[in-house]
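Taking it in order: structure first as structure tokens, then the write-up.
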Amino acid sequence: TLGTQTDYRDGEAQTEPYSPEYVVPSDSVPELLTLATLTWGRGLPAGLAEVEMIERAREKRAWEATLPAMDSASQIAKRRKMMDDMERKEWAFREQEIEKLQEVRLEVLKKLLQRREKYQNELDAKRLDDHWQNHQKAKEEKMKRRVHDCALMLRKLIAKRNNVMGKLERRDIIKDYTDFASQTYAPLSRIGYFPDNHSERFVVKNFYLNTFAGLCELEASLPDSVTQVKVKAPKPKYTTTKTGFIKRSARLEMELAQVHQALLEKKSEVMEPKTPLRFLEKVEKPVPRPPTPILEKPSIEEEETELAVICLQKLLRGRAIQNMMFEEKEKRLELIRELRTTHALQEDGQLLLKAEEQMTLALQKQRDLQMHKLSSVENHLAREEGRVLANIFDFLSKELVRLQEERKIHAFVMLAERQRRMREAEEHGRRQVEERRRREEDEIFKQAREGDCTIDSYLEDIILSSMENTAEEQAREEIQRRAVEINDIAYEMESRRTRLQSEEIVAELVYDFLIPEAEKMSVREKVRQSQRKHIYAAHQIIHRGIE
């Protein structure tokens, strides 16, 4: 019925799930204890892989329960065959797991390579865009400079044309002030005058709008009706009853008000003046048009004469203009020569500019080719680096898998060797007990059959048997103690063992177990290939005979 609130959040106080203590009864192995290696965060909560592992463990325990006992040679052979089959299945399953892991790693590596290639393409595109933008900016700046130079040269040429004789003219103040397009009224910014400067002095500055004190004073001078709005509640138009219906008196008042309004509208109507009749209007006649002039057609002789006169006039005018131009040329011959020399110099300057422009274009093309070569070399180097890195990662992943498998094989071999030693020790102890029991029974039967045993021999036999039993028990205890010590020493050696020693052990195991098996498989494949040739030849002979 009460609730408490702590000073800590659930995420700060969260721990691993609680595992209570348990007691296992004798002669029982609960299945839950086989999952004791799974802990929170390492296998728990269980997923699909953990469920498959549990199912494989159940199948293996069921298979171990079906193994035959080792009481005869045939049962031992059958047991060994079943164990070989199971070991082969486990190796095949492990190979499938390794292949799946390699496929997942290959997918991850492909995604990484695709991501890197995408990033490299984006980087290249960005570089090209930057280069193109810089090129466009330089081009625009060059065009602006050319346009500016062109405008400057045109202004200079216009000024020279206006003042061909080179006379100095004084400023005509009256003309400047009478012409509203002169520098007095509209100065040019290229001369150094900017009309937008000091434009803030024309801004209206008001004390009541630009300062807080002025705003307060302006607000205090306003009446209360401006700052404080008063809203009156509207009165109901019609009086209604409690049930929501309109009263009869209110309905009559509304009808009377409507009739009064209609009467007022009728009285306020203005009579429209009557329109005059259409047929009594005066129609004005249009002004008569002047008569069209008639041009008499000239005769053919007059036209030919007129054309001849016009041609003669053109010839005379052209000859007069030629004579005038020749006279003007003779007057200004020195000026024409000077202009020709100046033009020749300008042509030499233009040729130099063209040569410089061609050289600049050649250098630019050479630079573009160098940049293209550098980019292609960088792309090739990046591709080679990616290939080398992929090979290195593949080799390292395979080496890691191989080392893990070697360690697991070594662990399996150590466990199998330990189980074999324990089983041999148990079998040896069981055999010694059976042999001792058999000897005791033979001796009892022999002594009972002979019947000549004495009390001394009987006591001696009892003492000897008790001594043997005691010695055997002491030897068994000593053996167990030595086995525990040897086991501790072995675990300590395994913990102190270096990587090089582990690799040597794994290499010996691989050399002793895997290489002979691979050689056997290759020999079997060769025998199968040789047999396949003979079978194929026999099939051909049989088919030919049938045909």
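The values are calculated or read from the model by the stated rules, or taken from the named source; none is laboratory data. Just so we're clear, the structure is a prediction, and the values are computed from it rather than from any experiment. When we count neighbours, we look across all protein chains shown, and the Cβ atoms used for this are built from the backbone with ideal geometry, even at glycine. Just the protein is used for accessible areas: all its heavy atoms, side chains included, with ligands, DNA and RNA removed. Shrake-Rupley method; radii C 1.70, N 1.55, O 1.52, S 1.80 Å.
Right, Glu385: part of a helix (DSSP H, G or I), acidic (Asp, Glu), open to solvent by 100 Å² or more (accessible area, probe 1.4 Å) and under 30 Å from Glu103 (Cβ atoms) or not? Lay out the reasoning, then the answer.
Details: part of a helix (DSSP H, G or I): yes; acidic (Asp, Glu): yes; open to solvent by 100 Å² or more (accessible area, probe 1.4 Å): yes; under 30 Å from Glu103 (Cβ atoms): yes.
So Glu385 passes the test.
Just one of Gln114, Gln102 is closer than 30 Å to Gln370 by Cα, surrounded by 10 or more Cβ atoms within 10 Å (Cβ to Cβ) and of a type in the set (S, T, N, Q); which is it?
Working: Gln102 fails: closer than 30 Å to Gln370 by Cα.
Result of the check over Gln114, Gln102: Gln114.
Residues that are open to solvent by 100 Å² or more (accessible area, probe 1.4 Å), at pLDDT 90 or above and not aliphatic (A, V, I, L, M) within region 141-173 comprise Glu141, Lys144, Arg145, Arg146, His148, listed in sequence order.
The condition (being outside the structural domain of Leu106 (by the TED database) and free of Cβ contacts under 8 Å to residues at least 60 places away in the same chain) is satisfied by just one residue among Arg423, Arg407: Arg423.
Would you say Ala355 is of a type in the set (A, V, I, L, M), closer than 30 Å to Gln120 by Cα and either in the same structural domain as Leu109 (by the TED database) or open to solvent by less than 70 Å² (accessible area, probe 1.4 Å) (or both)?
Working: of a type in the set (A, V, I, L, M): yes; closer than 30 Å to Gln120 by Cα: no; either in the same structural domain as Leu109 (by the TED database) or open to solvent by less than 70 Å² (accessible area, probe 1.4 Å) (or both): yes.
No, not satisfied.
Table: residues versus (1) surrounded by 11 or more Cβ atoms within 10 Å (Cβ to Cβ); (2) closer than 30 Å to Arg94 by Cβ.
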site	(1), (2)
Arg402	yes, yes
Arg407	yes, yes
Arg420	no, yes
Arg431	no, no
Arg436	yes, no
Arg439	yes, no
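All conditions in (1) closer than 17 Å to His131 by Cβ; (2) of a type outside the set (A, V, I, L, M); (3) open to solvent by 100 Å² or more (accessible area, probe 1.4 Å) hold for Arg337, with the sole exception of (1).
Within the set Arg524, Arg496, Arg528, Arg544, the sole residue that is modelled with pLDDT under 80, open to solvent by 100 Å² or more (accessible area, probe 1.4 Å) and farther than 27 Å from Arg418 by Cβ turns out to be Arg544.
The set of residues in region 195-225 being among the hydrophobic types (A, V, I, L, M, F, W, C) and at pLDDT below 75 consists of Phe202, Val203, Val204.
With the checklist (1) modelled with pLDDT under 80; (2) open to solvent by 80 Å² or more (accessible area, probe 1.4 Å) in hand, flag the one item Ala250 doesn't pass. All conditions pass for Ala250, except number (2). Checking Phe412 against (1) surrounded by 13 or more Cβ atoms within 10 Å (Cβ to Cβ); (2) under 38 Å from the mean Cα position of the chain (by Cα); (3) free of Cβ contacts under 8 Å to residues at least 12 places away in the same chain, only one condition comes out false. Which one? Unmet for Phe412, out of (1) surrounded by 13 or more Cβ atoms within 10 Å (Cβ to Cβ); (2) under 38 Å from the mean Cα position of the chain (by Cα); (3) free of Cβ contacts under 8 Å to residues at least 12 places away in the same chain: (2). For region 456-479, a residue qualifies if it is over 18 Å from Asp442 (Cβ atoms), surrounded by 10 or more Cβ atoms within 10 Å (Cβ to Cβ) and out of contact with any helix residue (DSSP H, G or I) (no Cβ under 9 Å at 6 or more places or on another chain), and the qualifying residues are Leu459, Ile463, Ser466, Met467, Thr470, Ala471, Glu473, Gln474, Ala475, Glu477, Glu478. Suppose we filter Glu417, Glu385, Glu435 for residues that are charged (D, E, K, R) and under 30 Å from Ile463 (Cβ atoms); which single one remains? Result of the check over Glu417, Glu385, Glu435: Glu435.
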